[in-house]
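Attaching a single structure in structure tokens format; questions to follow.
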Amino acid sequence: MPGETDEPKQQPGAGCPIRGVLDRIGDQWSLLTLEALEHEKKRFNELLREIGDISKQMLSKTLRHLEQDGFISRTVYPEVPPRVEYELTEMGRSFLIPMKALIGWADRNHPQIMSARERNERG
């Protein structure tokens with residue numbers, strides 16, 4: 001059929017390991033989700049409330065990607081209804097250090113970035 005190939009699908013960033021990691025964690029939702037899990041494990045609706053303006057679908061996708069990459073773990077408890085909790089893995093905890101440095105840098109430089117954007121918008 002047109003458009004189909006016999007080649008297997010490559011994982012994000014398979015050709016460039018750095019790009020693959022940055023693509024996954026570089027979006028705003030991943031960083032906010034990891035930050036929300038910093039101090040304790042949380043359930044889906046707790047994360048949804050804490051993060052705020054994320055949709056259920058985007059949070060679900062973000063959690064799935066973070067779990068696939070080993071940043072978080074998902075535990076399902078055999079209850080009715082099932083209880084699911086998310087928490088940082090050891091690797092996820094180790095990422096908090098560079099993540100906080102990046103967030104701090106962005107916070108410190110936000111005024112200069114906004115000024116540069118305004119200058120460029122004006123032409």
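The values are calculated or read from the model by the stated rules, or taken from the named source; none is laboratory data. Remember, predicted model here, so these are calculated numbers, not experimental data. Backbone-built Cβ (ideal geometry, glycine too); neighbour counts: all protein chains shown. Only protein heavy atoms, including side chains, enter the accessible area calculation; ligands, DNA and RNA are left aside. Shrake-Rupley method; radii C 1.70, N 1.55, O 1.52, S 1.80 Å.
Just name the residue that is modelled with the highest pLDDT out of those in segment 1-22 that are open to solvent by less than 60 Å² (accessible area, probe 1.4 Å) and in contact with a Gly (Cβ under 9 Å, 6 or more places away or on another chain).
GLY20
Which one is farthest from GLY70 (Cα to Cα) among residues in segment 101-123 that are open to solvent by 100 Å² or more (accessible area, probe 1.4 Å) and at pLDDT below 95?
Filtering segment 101-123 for residues that are open to solvent by 100 Å² or more (accessible area, probe 1.4 Å) and at pLDDT below 95, the one farthest from GLY70 (Cα to Cα) comes out as ARG122.
A further question follows. Which residue is most open to solvent (accessible area, probe 1.4 Å), if the candidates are limited to segment 23-46 and must be over 21 Å from VAL84 (Cβ atoms) and at pLDDT 85 or above?
So the residue we want is ASP27.
Something else: For segment 71-84, give me each residue that is at pLDDT 95 or above and surrounded by 10 or more Cβ atoms within 10 Å (Cβ to Cβ).
If the condition is that a residue be at pLDDT 95 or above and surrounded by 10 or more Cβ atoms within 10 Å (Cβ to Cβ), then PHE71, ILE72, SER73, ARG74, THR75, VAL84 are the ones that fit.
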